[in-house]
Structure formats: structure tokens, C-alpha cells
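The values are calculated or read from the model by the stated rules, or taken from the named source; none is laboratory data. As the structure is a prediction and not an experimental result, all values here were calculated from the model. Ideal geometry is used to build each Cβ from the backbone, glycine not excepted, and the neighbour counts take in all protein chains shown. Surface areas here come from the heavy atoms of the whole protein model, side chains and all, with no ligands, DNA or RNA. Shrake-Rupley method; radii C 1.70, N 1.55, O 1.52, S 1.80 Å.
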Amino acid sequence: MYIIAGLGNPTREYDKTRHNVGFETIDRLADKLGISVEERKHRAFCGKGIIGGEKVILAKPQTFMNLSGESIRSIADFYKISPEQIIVICDDINLTEGQLRIRGKGSAGGHNGLKNIIAHLGTENFPRVRIGVGQKPEGMDLADYVLGRFPKQQQELMEEAYKNAADAVCMMIEEGEQAAMNHYNRKK
């Protein structure tokens, strides 16, 4: 069994912001698999399904980004899922818009949501799919940037990134992390 957690912030105020690319990807994955992600438990919206014969729980933590670990830890404890079976999807300002980077483990890289997950799980050893949102413009506040929306000309590119990230998660489960890394960790 896997937990696939897309990170973001709840409420309409944050809908479609750079920080919510994890939520967007979970929505695309749910559509692709015919899973409803509306059950409210473990401080998240959750849905259950199957990918490649494996049971999966899709989750959109509702704790706000910086407390994502609370929700993910609750789900992991309830289902007795090890960190290696938790796939986290989040934004990354160090990648160009739409670029994907898959890793089997690693540091938070300055991402507060990942920091909180690492703190609650007690390990950095969980796979993640990072989706590039581009670097913030010089002189702009980081929070304002990640809580801002993509310009119209980037929306189609990001839509493709969400679809690719959803496909990458499926490949990670069906063919393994290495296959997904080989396929998706390419420069745009």
C-alpha cells in the first residue's frame, strides 16, 4: 500500500497557486484513476484506489503547507505504512516551470512542507516528485511568489506538468523509482 500525498494549502484563496501544484497533481491522478478524493479523515481529503495492483491512498492534507507532516504521519500510522511507501508531490523553486525531479529520499531543500514531513516521520527516506515552479524574481518576497498564480502563458505548460507528475507516480509504483527517474528527470 502507498500513500500519495500532494502538498498545498486549503481554501479557495490558495487555489491554483504555485504552492498548490501537489493538490493539482492529485486531482489529475484522481481523474485518471476514477478516484474520488473527498473523504475527510486524518486532517486531509483522501481517496482510495489501485495503481498497478497496489492499493493507494491519495491525500491532500488540509493542515496548510507548513504542517503537512501532521496529516501524513496520521495516515501512515493508521495504515501502518513505512516512509518508503509514501510519495510526496510538491513545488520546487529551484526547477524551471514544469520540470519534474523524482528522488527516493533527500533533504527538504528549504521547503517547509517537506521539513515538517521529515520532522514528523523522523526520516528523509521517502520518495518525492518535485514540480518546478521557477525561481522567484529578484527582490520579490518568497511567500508572495509561491502563493501567487502562474501567468496565463504558463498555465498550459503547468497543466502538462501535472499530467506528467501523475504519470510519473504511476510509473514509480508500477515499474519502480529508478524507471521513473530515468524517464522524467530530464531538463526541459
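LEU67 meets all of the listed conditions (1) in contact (Cβ under 8 Å) with a residue 40 or more places away in the chain; (2) in contact with a His (Cβ under 7 Å, 6 or more places away or on another chain) but one, namely (2). Of the helices (runs of 4 or more DSSP H) contained entirely in region 71-188, those carrying at least 3 residues that are in contact (Cβ under 8 Å) with a residue 12 or more places away in the chain and under 19 Å from GLU24 (Cα atoms) fall at 112-121, 152-175. Taking region 43-69 as the range and being open to solvent by less than 60 Å² (accessible area, probe 1.4 Å) and in a helix (DSSP H, G or I) as the test, the residues that pass are MET65, SER68, GLY69. Residues in region 1-42 that are crowded, with 20+ Cβ neighbours inside 10 Å and polar (S, T, N, Q): ASN9, THR17, ASN20, THR25. If you go through region 10-42 one residue at a time, how many are in contact (Cβ under 8 Å) with a residue 12 or more places away in the chain, within 30 Å of ASP141 (Cβ to Cβ) and either more than 16 Å from the chain's Cα centre (by Cα) or assigned to a helix (DSSP H, G or I) (or both)? Number of matching residues: 12.
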